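Written out below as C-alpha cells is the structure these notes cover.
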Amino acid sequence: MDLSMKEQLILLSLEGANYREIWYYLKHAINRACHRHALSLVDCQSMLMEVQKEEGVLENPGLHFYLDDQSYLRVKDLAKHTLMIGEPTYPRAWLEIPKPPLLIYYQGHIEWLQEPLISIVGTRAISLQGQEDASSLTQALCQSGYVCVSGMALGVDAMVHRTALGCPGGKTIAILPAGFGTCYPRSHTSLMAELGQSHLLLSEYLPHIGIKKHHFIMRNRLVAGIAPALVVVEAALKSGSLITANFALQYNREIYVCPGHLSETNSAGCNQLIEAGANAIYSLPDFLGDLETLYRLQAIKN
C-alpha cells in the first residue's frame with residue numbers, strides 16, 4: 001500500500017494528529033523531497049518517527065501508518081475531494097494568513113477557487129434593509145464576474161448564497177464550521193445540499209467532525225483570508241462579523257461596509273468599521289469600479 005503526500009496527511013488527520021504534528025510531518029517530507037512521490041506505509045511510519053524525534057514533536061502513540069484495506073480505501077476516497085496546501089488550485093491568498101489550512105475538503109466546483117473571489121458577511125438577525133443590500137450587492141458582484149464567498153450562517157450569509165444561486169451565472173462558495181456530515185444551522189440542510197451539488201462547499205474538517213465553539217472563529221479567518229476584499233453588510237458591536245473584519249484587517253485585506261442609521265443596532269459595528277478607516281459603500285457603480293482597480297492591481301482580474 002502506497003500513499004501520496006495528500007493521503008499521508010489525511011491519514012494522520014484520521015488518526016487524530018493536530019495541526020502542529022501534521023505541519024512538521026509535511027515540512028520534514030518537503031526537506032527530504034519525499035512529498036513528490038508516494039511512499040509505502042513502512043516508509044511513512046519511519047518518517048513519522050523521525051519527525052517525532054528530530055522536530056521535537058511530542059510522541060503520540062495513537063499515530064501510525066498501519067491500516068487495513070477498508071481504511072486504505074477510505075483515505076483514497078477522501079483524497080479525491082481534498083485540496084492540499086501547495087496544489088495549483090489552493091487559494092494563494094491563504095498562504096498569507098497564519099496557520100493556513102493544510103487540507104481542505106470540498107464538494108462542488110473546486111476550480112472556482114481560481115476565479116476572482118470576494119467575501120461577504122453580516123449579521124444573523126438581518127433587517128429588511130440588510131436583505132435588500134445583501135441581495136443587490138451579491139447580484140451586482142455575480143454579474144461582474146466575482147465568486148461570492150460566505151459562511152452559510154443565518155441572515156446575511158444565507159442571503160448571499162441564495163441570491164447567487166438565483167442569479168444567472170452566479171457563483172458562490174460556503175466555508176463551513178464543521179465537516180460535511182454536520183449541517184449548521186440545521187435549517188440550511190437543503191441550502192447546503194444545493195451548494196454542494198451545483199456550487200462549492202469548503203471545510204477544513206474531516207466529514208465526521210461535528211460543530212465546536214472555536215470552529216466558528218476558525219471558519220471566520222478563512223472567509224476573511226480567502227479574498228482580497230471583504231464586504232460587511234450589517235454588523236452589531238462584538239459580533240462574529242466584526243471578528244471576521246478584524247481578521248481581514250490583520251491580513252491586509254480591503255474592507256467595504258454598508259453604512260447604516262445611527263439608531264440601528266445592526267449598523268453600530270459597520271459604522272465603527274467606517275470610523276476605523278473601512279470603505280463605505282454609497283453607490284454600486286463606484287464600489288464595483290473600486291473593486292475592479294483593486295483586483296487588476298493584484299493581477300486577479302483582467
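The values are calculated or read from the model by the stated rules, or taken from the named source; none is laboratory data. As the structure is a computational prediction, the values presented were derived from the model and not from experiment. Positions of Cβ are backbone-derived with ideal geometry, glycine not excepted, and every protein chain shown enters the neighbour counts. Keep in mind that these areas ignore ligands, DNA and RNA; they rest on the heavy atoms of the full protein, side chains included. Shrake-Rupley method; radii C 1.70, N 1.55, O 1.52, S 1.80 Å.
Which of (1) within 26 Å of GLU115 (Cβ to Cβ); (2) modelled with pLDDT of 95 or more; (3) not charged (D, E, K, R) is the odd one out, the single condition LEU249 does not satisfy?
Here LEU249 clears every test but (2).
Within segment 253-272, identify whether any single residue is within 20 Å of the chain's Cα centre (by Cα), within 30 Å of ASN18 (Cβ to Cβ) and touching a residue at least 12 places away in the same chain (Cβ under 8 Å), and answer yes or no.
Going through segment 253-272, the residues within 20 Å of the chain's Cα centre (by Cα) turn out to be 253-256.
Cutting the leftovers down to within 30 Å of ASN18 (Cβ to Cβ) gives us 253.
Add one more test, that the residue is touching a residue at least 12 places away in the same chain (Cβ under 8 Å), and what stays is 253.
Yes, segment 253-272 has at least one match.
Return the residues of segment 1-15 that are under 22 Å from PRO100 (Cβ atoms) and either assigned to a helix (DSSP H, G or I) or charged (D, E, K, R) (or both); say none if nothing qualifies.
Hits for segment 1-15 are MET5, LYS6, GLU7, GLN8, LEU9, ILE10, LEU11, LEU12, SER13, LEU14, GLU15.
Which residues, counting only those in segment 184-233, are of a type in the set (Ser, Thr, Tyr) and surrounded by fewer than 24 Cβ atoms within 10 Å (Cβ to Cβ)?
TYR184, SER187, THR189, SER190, SER198 - these are the residues of segment 184-233 that are of a type in the set (Ser, Thr, Tyr) and surrounded by fewer than 24 Cβ atoms within 10 Å (Cβ to Cβ).
Go through segment 255-277 and give me each residue that's of a type outside the set (Ser, Thr, Tyr), surrounded by 22 or more Cβ atoms within 10 Å (Cβ to Cβ) and outside any strand (DSSP E or B).
Correct list: CYS258, GLY260, ASN266, GLY269, CYS270, LEU273.
I'd like to check which strands (runs of 3 or more DSSP E) are fully inside segment 16-132 and have at least 2 residues that are without any contact (Cβ under 8 Å) to a residue 24 or more places away in the chain, open to solvent by less than 40 Å² (accessible area, probe 1.4 Å) and over 26 Å from GLY169 (Cβ atoms).
none
Taking the condition of being open to solvent by 20 Å² or more (accessible area, probe 1.4 Å) and small (Gly, Ala, Ser), how many residues in segment 140-183 meet it? Can you show your working first?
Of the residues in segment 140-183, the ones open to solvent by 20 Å² or more (accessible area, probe 1.4 Å) are 143-145, 154, 159, 162, 165-166, 168-169, 171, 180-183.
Cutting the leftovers down to small (Gly, Ala, Ser) gives us 144-145, 166, 169, 181.
Within segment 140-183, residues that are open to solvent by 20 Å² or more (accessible area, probe 1.4 Å) and small (Gly, Ala, Ser) number 5.
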